[in-house]
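Worksheet for the structure shown next.
Since every read-out is calculated from the coordinates, none of them should be taken as a lab result. Note that this is a predicted model, so its numbers are computed, not measured. All Cβ positions, glycine included, derive from the backbone under ideal geometry; neighbour counts span all protein chains shown.
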Amino acid sequence: MRLEGIHHISAITGDAPGNLDFYTRVLGLRLAAKTVNQDDPTVYHLFYADEGGRPGGELTFFEYPGAPRGRAGSGMVHRIVSRVDSEASLDFWQTRLGDEGITSDRGPDGGLLFADPEGLGHELVVSDANPPLTALHPDIPAEHAIGGFVAVRAYARRPDESGALLTQVLGATALGGGVYEVRGERRGGLITLDEAPAERPLNGAGTVHHIAWGTTVAEHPAWGDHLRAAGVGATQVIDRHYFHSIYFREPSGVLYEIADDGPGFTRDLPLELLGTQVILPPWLEPHRDEVIAGLTPLPDPRGTWPVTA
């Protein structure tokens, strides 16, 4: 069994309208699903992705309205690294972010570092490590579109144990310097284990909740048995409607998920309508009116796009 890199990354926001505006209008991602947290249906779960809503570029947010800003620390992912195609794209994004009042800087390896309005760390790097996963946007030239995940960086208080789980259980390759590659036949992703800061971590807006590694529908059920046989305390398979999930914490405390690649977002809506309405899993559909009444209304982010022939 080989994991197919990063499937999705889930974070926390305290401001769904602002979050929607930044990730769709500014960064040009597609709202692939507007649904609710299945473990707490009183709050949104927003999924941003490429045009097809495919694993490998899915960035999701749980909204807790008014949640105070968090602080990444030990046992937390603190930076999400995504691909672009060229140095010209990095220049484009530095200008575009600056026009939106978002400060960005070039990192030591040449990537473009910035944070979203709630402090969630991002980096754009020139990479062709995976096939691109891009979305359409009228203000973003296709050649500069963000193209899916390359890596994450996490703070590890037990880097040796965390690295051993990655290599011995998840099949990652150690590249040196705390960098590990998780790669399957189709896609791959990197995770860098950084020294944990002294400050106590705070869960809240602008922090990552968990990272999901991808697998296939066929191999997913075997991962739970594999993890438990290795002494990892993993959950049973959980039906997340769009995919199936197994959760566990690695030795430094980062919450990992293994998610499969089916059935996807089009089980509820055709591809052209993704993100246009609140969708609920079947077990919540009888309570639709009650659920919707507790959510902040959100617009269709493509509703104001110019009509094309």
| task | Mind sorting Ile279, Ile292 by how few other Cβ atoms lie within 10 Å of their own Cβ, fewest first? | result | Ile292, Ile279
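Please give the peptides 214-220, 3-9 ranked by average Cβ packing (other Cβ atoms within 10 Å per residue), highest first, as a rough proxy for protection. If you can, show how the numbers build up before the last one.
Working: 214-220: 18.3, 3-9: 25.0.
In descending order of packing, they fall as 3-9, 214-220.
Please report Met76, Met1 as a ranked list, fewest other C-beta atoms within 10 angstrom at the top and most at the bottom. Walk me through the intermediate numbers first.
Values: Met76 23, Met1 14.
In increasing order of surrounding Cβ atoms, one gets Met1, Met76.
Counting Lys and Arg as +1 and Asp and Glu as -1, each charge on the Cβ, what is the dipole of the range 6-293 about the Cα centre in debye, to the nearest 20?
Values: 22 positive and 40 negative charges, 106 e Å.
So the magnitude is around 500 debye.
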| Can you tell me the Rg and Dmax of the range 171-262, counting just the alpha carbons, in angstroms? | 14.4, 42
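Using the 10 angstrom Cβ neighbour count as an exposure proxy, how do Arg153, Arg200, Arg186 rank, fewest first? Working shown, then result.
Values: Arg153 20, Arg200 8, Arg186 15.
With the fewest neighbours first, Arg153, Arg200, Arg186 line up as Arg200, Arg186, Arg153.
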| query | Size of the range 75-116 along its principal axes in angstrom, Cα-based, largest extent first? | reply | 34, 23, 16
| message | Placing +1 on the Cβ of each Lys and Arg and -1 on the Cβ of each Asp and Glu in the chain, which of Trp93, Ala198, Gly107 has its Cα farthest towards the positive end of the resulting dipole? | response | Ala198
| note | Whole-Å distance linking the alpha carbon centroid of the range 226-248 with that of the range 19-37 is 27 Å
| message | Quick check: the distance between the Cα centres of the range 68-103 and the range 39-65, to the nearest angstrom? | response | 18 Å
| message | For the chain, what does the relative contact order come out to in percent, with C-alpha contacts under 8 Å and a separation of six or more? | response | 25 percent
| query | Going through the range 158-199, which GluC sites (Glu not before Pro) have at most 16 other Cβ atoms within 10 Å and a DSSP loop state? | reply | Glu185, Glu199
| note | At the level of C-alpha centres, the distance separating the range 130-198 and the range 3-17, in angstrom, is 14 Å
| remark: A student asked for the Cα radius of gyration and Dmax of the range 6-293 in angstrom ought to give 18.1, 52
